[in-house]
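Enquirer: Right, I'll just put the structure down here and ask away after.
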Amino acid sequence: MKKIRLATIWLDGCSGCHMSILDMDEKLIEIAEYVDVVYSPYVDTKEFPSDVDLTIVEGALSTDHDIKMIKKIRANSKYILGLGDCAITGNISAMKNLFGSEAVLQRSYGELADTNASGVYPSKIVPKLLDKVLPLHEVIKVDYFLPGCPTPSDAIYAMLRSLIEGKEINISDYTRFGK
Amino acid sequence: MKKIIIDPVTRIEGHAKITIDIDADNRVSDAKIHVTQFRGFEKFCEGQIYSQMPALTARTCGICPVSHAISSIKACDTLLGVTPPQAGINLRKIINLAQILQSHTLSFYHLSSPDFIYGFDAKKEERNIFKMMQTHPQMAKDGIMLRAFGQKIIQTLAGKRIHPDGLVPGGVEKNLDEATRDTLLAEIPNAIRISQESLAFFKTNLTKFQKEIDSFGVFPSLFMALVDEHDNLEHYDGKLKIIDSEGNVLQEHISPEEYKEFIGEAVEEESYLKSPYYKPMGYPQGMYRVGPLARLNVAKACGTARADNELLAFKALNAGKPVLNSFYYHYARLIEMLYAIEKIEALLKDEATLGEALHRTSKILKTRAVGCSEAPRGTLFHDYEVDKNGIIQKVNLIIATGNNNLAMNAGVKQVAQTFVNAEDVTEGALNRVEALIRCFDPCLSCSTHALGIVSSNIELRDHNKNIIQIFKRN
Ligand code: SF4
């Protein structure tokens, strides 16, 4: 059987949804028999590969780099799964939209710094913040949505099994927004 | 005259990139780590009710959500003027140690052990946990099960493995009954076995890595950690202690509320991660390290039998003086894992743990509070100001990984100067630069509160900081 080429990435998330992938515990070993992890924070590939079957995306889009990345992922992946509330609605990551990037940066690097020689925000080398944090579907087409904060590991397992076996499942049996 | 970029840095918890600057003579002149994510918790928490803070700030980080929740509820206790009942304190401690256990296990097994098993020069396709599942199935499984044990304790006692909601101001939401306690206790012996085997594995492999031990961030620095009233290892409570690289005590018995007198935060244009420093020495001379290495350097003893035995050998590495080699963060982490399991066992066996765990109250008595704990990666501060209704006015967070920012940068530079040859940049050299960062086990999602992400390209820059080449490494 041909293995599924799987990529996982976290954009603007807290890594909790990726930890929930690991929370499959020993089932991870079972899943690993059916998938090849071709790109992920857990492996050393630096360049997003060209022919990925499924990419699991945690987190919202909050920088120009995220936008570039998600477009590339879309172009190179057959299916995209939005993992967790940040990817799907913006969730916690989008809370800075209440204030705007300027105010948020000012608070952290202006008011809360003791030494800020240049008096500016981090702006070199680092990517630029968008004015507004966006959920994935505002920029690309998303094929599957798995809500939760984080998505429960049982839901991730059920979803991966269903993709491996080619069966449909009702994902609301396993998930709930915000939980 | 080039600059090397590693982007993204992999097998770390967050987003980073590394730049390496090459001077006119083709030598490495500087190297830096850049955190590339910014999340802004310090601003958007304003206007929230204090009781939301544990759940909100837990979401700075999915790896150490418990640490944030613990520092947060401790700050909330102070706002409310309450002390949890003994059972509540014990259960918080157990949950906190369980998280240290799972996070350290993740760092050692899932992220770093491929380097120890296959070597730093192994093919990059092979340096990961999935490869380990094939070549070292028992070890991979042990790592998975030990992490699962920590997560299971959190789930059982605090409701959920990641972002648990059972940690609340005044104690914990749920009492522990005898039967549940016994099921957790039954798993202790296996956890101790795995932990001791990983220590033995690490120690027998040490000889292979002498060059890395000697060059991975070896330099004098200060060390900071919480200790208990006997100067022993402490993760939940205690007072701050700061020592220098000779082991001299610079500060002790500092209560966390006073942190601002000792810790300043500096901003650099090239990273979203701020650089805390020891104020009396100024920036950047006041570089200090936190986390497992610092904790074992600062503490006199662990306070549990097996871990104390291991600690003797650890302290002997530098004849009783602070151990300066950052490579030994891994070693210290493994000793802390053993300590965490032993301490969890002792706390579970304490009869007081089975009592009523929550002190309920509702009024705000104080308008400023600082909650502090030792997170897996080091000392974590949550500093809140509220109005009389408990609405958050101001928040400052100093995140464990952030404390190590200056030291990580110094380490990256040292490794790059030792291993990177600008004329022939090898995969193994670049992997070592990343491996240095893995020693510190940075949690970059939370350290940029967390502000940001570090991603890891290596960039080669000339002396004008113009990028000459980006190493994407395939
Ligand atoms: S959905 Fe929740 S767990 Fe997942 S990345 Fe966002 S905050 Fe973290």
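Enquirer: When you scan the stretch A:77-100, how many residues do you find that are surrounded by fewer than 20 Cβ atoms within 10 Å (Cβ to Cβ) and within 16 Å of the chain's Cα centre (by Cα)? Give the steps one after another, and end with the answer.
Expert: Filtering the stretch A:77-100 for residues surrounded by fewer than 20 Cβ atoms within 10 Å (Cβ to Cβ) gives A:78-79, A:97-100.
Now drop any that are not within 16 Å of the chain's Cα centre (by Cα), which leaves A:79.
Selection size over the stretch A:77-100: 1.
Rundown of residues vs (1) within 13 Å of chain A (Cβ to nearest Cβ); (2) in contact with a helix residue (DSSP H, G or I) (Cβ under 8 Å, 6 or more places away or on another chain), yes/no style:
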site: B:240; (1), (2): no, yes
site: B:248; (1), (2): no, no
site: B:257; (1), (2): no, no
site: B:275; (1), (2): yes, yes
site: B:285; (1), (2): yes, no
site: B:289; (1), (2): no, yes
site: B:292; (1), (2): no, yes
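Enquirer: Could you tell me which of the residues B:63, B:73, B:94 is at pLDDT 95 or above and either under 13 Å from the mean Cα position of the chain (by Cα) or within 20 Å of residue B:336 (Cα to Cα) (or both)?
Expert: Only one candidate passes the filter, namely B:94.
Enquirer: Hey, another quick one. Looking at (1) within 16 Å of the ligand (Cβ to nearest atom); (2) surrounded by fewer than 19 Cβ atoms within 10 Å (Cβ to Cβ), which is the only condition residue A:50 fails?
Expert: The failed condition is (1).
Enquirer: Could you list, in sequence order, the residues of the stretch B:58-82 that are within 16 Å of the ligand (Cβ to nearest atom), more than 8 Å from chain A (Cβ to nearest Cβ) and not hydroxyl-bearing (Ser, Thr, Tyr)?
Expert: Passing the criteria: B:58, B:64, B:66, B:68, B:69.
Enquirer: Considering only the stretch B:121-148, state which residues are in contact (Cβ under 8 Å) with a residue 60 or more places away in the chain, of a type outside the set (D, E, K, R) and buried (at least 21 other Cβ atoms within 10 Å of the Cβ).
Expert: Residues satisfying the conditions are B:128, B:146.
Enquirer: Return a yes/no flag: does the stretch A:80-93 have any residue that is within 16 Å of the ligand (Cβ to nearest atom), at positive phi and either at pLDDT 95 or above or among the charged types (D, E, K, R) (or both).
Expert: Yes, there is a match, as at least one residue in the stretch A:80-93 is within 16 Å of the ligand (Cβ to nearest atom), at positive phi and either at pLDDT 95 or above or among the charged types (D, E, K, R) (or both).
Enquirer: Within the stretch B:319-339, track down each residue that is out of contact with any Phe, Trp or Tyr (no Cβ under 9 Å at 6 or more places or on another chain) and not aliphatic (A, V, I, L, M).
Expert: Initial filter on the stretch B:319-339 (out of contact with any Phe, Trp or Tyr (no Cβ under 9 Å at 6 or more places or on another chain)): B:319-321, B:336, B:338-339.
Across the stretch B:319-339, the qualifying residues are B:320, B:321, B:336, B:339.
Enquirer: Further question on the same structure: Looking at the stretch B:369-388 only, could you name the residues that are free of Cβ contacts under 8 Å to residues at least 40 places away in the same chain and either touching an Asp or Glu at 6+ places or on another chain (Cβ under 6 Å) or away from chain A (no Cβ under 14 Å) (or both)?
Expert: Hits for the stretch B:369-388 are B:387, B:388.
Enquirer: Of all residues in the stretch B:132-161, which are farther than 23 Å from residue B:336 by Cα and at the interface with chain A (Cβ under 9 Å from one of its Cβ atoms)?
Expert: B:133, B:134, B:137, B:160
Enquirer: Restricting the stretch A:1-30 to residues that are modelled with pLDDT under 90 and charged (D, E, K, R), which is farthest from residue B:61 (Cα to Cα)?
Expert: Applying the filter and picking the extreme gives A:2.
Enquirer: Of everything in the stretch A:53-75 that's in contact with an Asp or Glu (Cβ under 7 Å, 6 or more places away or on another chain) and of a type outside the set (Ser, Thr, Tyr), which residue is nearest to the ligand (Cβ to nearest atom)?
Expert: Taking the stretch A:53-75 and keeping what is in contact with an Asp or Glu (Cβ under 7 Å, 6 or more places away or on another chain), we get A:59-62, A:66.
Still in the list and also of a type outside the set (Ser, Thr, Tyr): A:59-61, A:66.
Details: A:59: 5, A:60: 8, A:61: 13, A:66: 13 Å.
This residue is A:59.
Enquirer: Can you tell me which residue is surrounded by the most Cβ atoms within 10 Å (Cβ to Cβ) among those in the stretch B:167-186 that are in contact (Cβ under 8 Å) with a residue 40 or more places away in the chain and small (Gly, Ala, Ser)?
Expert: The initial filter retains those residues of the stretch B:167-186 that are in contact (Cβ under 8 Å) with a residue 40 or more places away in the chain, namely B:167-178, B:181, B:184-185.
From what's left, small (Gly, Ala, Ser): B:170-171.
On the way: B:170: 20, B:171: 26.
Only one residue tops the list, namely B:171.
Enquirer: Among the helices (runs of 4 or more DSSP H) contained in the stretch B:197-301, which hold 2 or more residues that are surrounded by fewer than 19 Cβ atoms within 10 Å (Cβ to Cβ)?
Expert: By residue number, B:210-215, B:259-262.
Enquirer: Report yes if some residue within the stretch A:30-42 is within 12 Å of the ligand (Cβ to nearest atom) and either more than 8 Å from every other protein chain (Cβ to nearest Cβ) or hydroxyl-bearing (Ser, Thr, Tyr) (or both); otherwise report no. If you could, list the steps in order and put the result at the bottom.
Expert: Filtering the stretch A:30-42 for residues within 12 Å of the ligand (Cβ to nearest atom) gives none.
No, the stretch A:30-42 contains no residue that is within 12 Å of the ligand (Cβ to nearest atom) and either more than 8 Å from every other protein chain (Cβ to nearest Cβ) or hydroxyl-bearing (Ser, Thr, Tyr) (or both).
Enquirer: Now for a separate question. Counting only residues that are under 16 Å from residue B:325 (Cβ atoms) and free of Cβ contacts under 8 Å to residues at least 12 places away in the same chain, how many does the stretch B:399-440 have?
Expert: Qualifying residue count, the stretch B:399-440: 0.
Enquirer: Of all residues being under 20 Å from residue B:148 (Cα atoms) and more than 8 Å from chain B (Cβ to nearest Cβ) in the stretch A:1-29, which is farthest from the ligand (Cβ to nearest atom)? Just the residue, please.
Expert: A:27
Enquirer: Quick test of your reading of the structure: residue B:82 fulfils all but one of (1) in contact with a His (Cβ under 8 Å, 6 or more places away or on another chain); (2) surrounded by 21 or more Cβ atoms within 10 Å (Cβ to Cβ); (3) of a type in the set (A, V, I, L, M, F, W, C). Name the failing condition by number.
Expert: Only one criterion is unmet by residue B:82, namely (2).
Enquirer: To continue, here is another question. Across the stretch A:141-157, what is the number of residues that are more than 14 Å from the ligand (Cβ to nearest atom) and assigned to a helix (DSSP H, G or I)? Give the derivation first.
Expert: Of the stretch A:141-157, the ones more than 14 Å from the ligand (Cβ to nearest atom) are A:141-144, A:154, A:157.
With the extra rule that they be assigned to a helix (DSSP H, G or I), the set shrinks to A:154, A:157.
Result for the stretch A:141-157: 2.
The values are calculated or read from the model by the stated rules, or taken from the named source; none is laboratory data. Keep in mind the model is a prediction, meaning the values are calculated, not measured. Note: ideal-geometry Cβ built from the backbone for every residue, glycine included; neighbour counts use all protein chains shown.
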